[in-house]
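The values are calculated or read from the model by the stated rules, or taken from the named source; none is laboratory data. Note that the structure is predicted; figures quoted are calculated from it, not measured. Here the Cβ positions follow ideal geometry from the backbone for every residue, glycine too, while neighbour counts run over all protein chains shown. The accessibility values were calculated without ligands, DNA or RNA, using every heavy atom of the protein model including side chains. Shrake-Rupley method; radii C 1.70, N 1.55, O 1.52, S 1.80 Å.
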2 protein chains.
Amino acid sequence: MQDTKERIIELADRLIRTRGFNAFSYKDISDPLEIRNAAIHYYFPSKTDLGIAVINQEIEKLAINKLYWATFPENEQLRLFFDVFYQRSKQGFICLMGSLSPDYETLPAAMQEKVQHMSEDVLEWVTLCLENGRKKQLFHFKGDAYDRALLVVSNMLSSLLLARVMGKEVFEKMSNQLLNDLL
Amino acid sequence: MQDTKERIIELADRLIRTRGFNAFSYKDISDPLEIRNAAIHYYFPSKTDLGIAVINQEIEKLAINKLYWATFPENEQLRLFFDVFYQRSKQGFICLMGSLSPDYETLPAAMQEKVQHMSEDVLEWVTLCLENGRKKQLFHFKGDAYDRALLVVSNMLSSLLLARVMGKEVFEKMSNQLLNDLL
DNA sequence: AAAATTACTTACTTGTAGGTAAGTAAGCAA
DNA sequence: TTGCTTACTTACCTACAAGTAAGTAATTTT
């Protein structure tokens with residue numbers, strides 16, 4: 001079944017978000033899925049390949065969301081973007097950027113490139129959203145839209161990190177404050 | 001020499017900030033210091049003990065800084081706080097919170113508590129700084145000082161993460177934008 | 001019906017991780 | 001001077017990590 005491959009990616013995604021790329025092993029995947037570790041190597045010759053597959057899936061998910069979100073006004077778009085993080089915070093997961101950027105120096109070059117690609121993708125979208133929203137007077141903020149996007153993405157990323165350490169209410173406090181500032 | 005113990009902590013600190021707690025090994029310490037791994041175990045029976053020593057050192061450093069910073073007006077205090085992160089960004093290091101919170105679920109309970117302690121410490125200080133600064137009209141912002149502190153700390157934390165992935169200029173863009181918002 | 005491909009498993013290798021028991025040289029203390 | 005402590009080293013252990021070679025049952029293609 002092609003099903004196995006998807007279940008491996010799905011679980012690897014979870015493990016990267018909860019434990020980090022360097023802190024999970026093939027056993028963490030093979031045990032719950034009741035397969036041998038060689039089955040993982042069959043689909044993903046190296047752990048790097050598995051990591052790349054997880055990042056690619058995330059990039060694709062974002063691309064799909066972008067298309068869907070484009071039908072809404074920018075203030076709603078941002079709320080929908082925040083909601084993705086909200087769902088994660090409820091599960092106690094962090095985002096891929098939040099998980100992979102601390103390990104950045106230990107990642108193989110191929111994964112580093114993908115992480116870069118992913119972050120540029122997100123930044124580009126938030127920048128455009130803020131920029132266009134400001135033109136329509138849906139957002140109010142000073143300074144460059146890209147710089148503002150950096151702050152917004154940064155806050156989403158670390159809200160998930162802080163929520164795990166300091167309690168889940170932290171996420172809502174941060175996102176409410178952020179939206180109040182922009183709207 | 002007591003020197004060895006301090007050099008182990010110093011290097012462990014660097015390794016946690018660059019590679020992450022789960023991604024460095026005793027060899028990464030024993031090789032450069034030209035000692036055997038048992039020498040590390042002599043000072044720190046387990047890796048957990050070493051991790052705790054690194055966090056304790058950071059908590060102490062913050063306590064010392066707090067005392068020194070207290071002699072300045074709040075807007076200067078915040079700039080000095082930001083400067084700590086700026087120095088790190090130049091070295092390509094991230095902060096302890098940024099390194100340890102993604103790995104939080106994999107950390108031994110004793111380290112989790114220390115990480116919590118450390119983050120509460122930082123949050124408390126930034127909250128008071130913002131609160132007092134606003135009273136003196138040195139800062140201008142809406143909403144609860146604690147919620148604002150969450151955003152500020154969050155931005156400092158992830159500016160270091162993003163700077164490594166997207167380039168060092170990211171740190172300055174973010175901190176300038178942040179200061180412009182508050183002052 | 002034969003050959004090839006798919007989706008794995010069995011059984012293994014090599015490397016490295018954290019950790020430990022026992023020893024030792026140097027210094028200090030009684 | 002004997003004994004205790006400090007600051008390590010040598011030599012080792014067990015566990016587990018990623019990865020691989022070879023086999024196999026089931027399906028698909030020719």
Check your understanding: Out of region B:1-109, which trypsin sites (Lys or Arg not before Pro) are coil in DSSP terms and have no more than 12 other C-beta atoms within 10 Å?
Key -> B:Arg36
Revision key, fill the gap. Rounded to the nearest whole number, the Stokes-Einstein translational diffusion coefficient of the protein assembly as shown at 4 °C and 1.567 mPa s (Kirkwood radius, C-alpha pairs) in µm²/s is 60 µm²/s
Review point. From the label point of A:Ile64, set 7 Å from Cα along Cα→Cβ, how far away are the matching label points in the other copies, in nm, ordered shortest to longest?
Key: 5.2
Exercise for review: Run down the lysines and flag those whose C-alpha is under 23 Å from the C-alpha of A:Lys66, throwing out any fewer than 8 positions away in its chain.
Suggested key: A:Lys90, A:Lys114, A:Lys135, A:Lys136
Revision key, fill the gap. So A:Lys66 and A:Tyr42, fully extended at 0.36 nm per residue minus their Cα-Cα distance, gain in nm 5.4 nm
Review point. Per the Kirkwood treatment, what hydrodynamic radius in Å, one decimal, follows for region A:81-183 from the mean inverse distance over all distinct Cα pairs?
Key: 14.5 Å
**Study point:** Debye equation applied to the C-alpha atoms of region A:110-156, log10 I(q)/I(0) at 0.13, 0.16, 0.18, 0.26 Å⁻¹
**Key:** -0.32, -0.45, -0.54, -0.90
Check your understanding: By how many degrees, 0 to 90 and rounded to 10, does the Cα axis of helix A:109-135 deviate from the longest principal axis of chain A?
Key -> 20 degrees
Review point. When the convex hull of the Cα atoms of region B:1-96 is projected onto a plane and the area is averaged over all directions, what value comes out in nm²?
Key: 6.8 nm²
Point to revise | Coordinate range along principal axes, alpha carbons of region A:3-182, Å, largest first | key: 56, 31, 31
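Would you calculate, for chain B, the mean residue ellipticity at 222 nm contributed by helices, counting each DSSP H stretch of 4 or more residues as -39,500 (n - 2.57) and dividing by all residues, to the nearest 500? Let's see the in-between values first.
Values: 9 runs with 140 residues, N = 183.
Only helices count here, giving -25000 deg cm²/dmol.
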Review point. Nearest 100 Å², what total accessible surface is buried between chain A and chain B (probe 1.4 Å)?
Key: 3700 Å²
Check your understanding: Can you give the angle from 0 to 90° between the axis of helix B:169-182 and the longest principal axis of chain B, with both taken from C-alpha atoms, to the nearest 10?
Key -> 40 degrees
**Study point:** Accessible area expressed per residue, chain B, with surrounding protein chains retained (probe 1.4 Å, Å²)
**Key:** 45 Å²
Check your understanding: In a Debye calculation with equal point scatterers on the alpha-carbon sites of region B:53-117 and no solvent, what is log10 I(q)/I(0) at q = 0.14, 0.26, 0.28 Å⁻¹?
Key -> -0.51, -1.15, -1.19
Study note, to complete from the structure: FRET efficiency for A:His117 and A:Tyr86 from the Cβ-Cβ distance with R0 = 22 Å, rounded to 0.05, comes out at 0.35
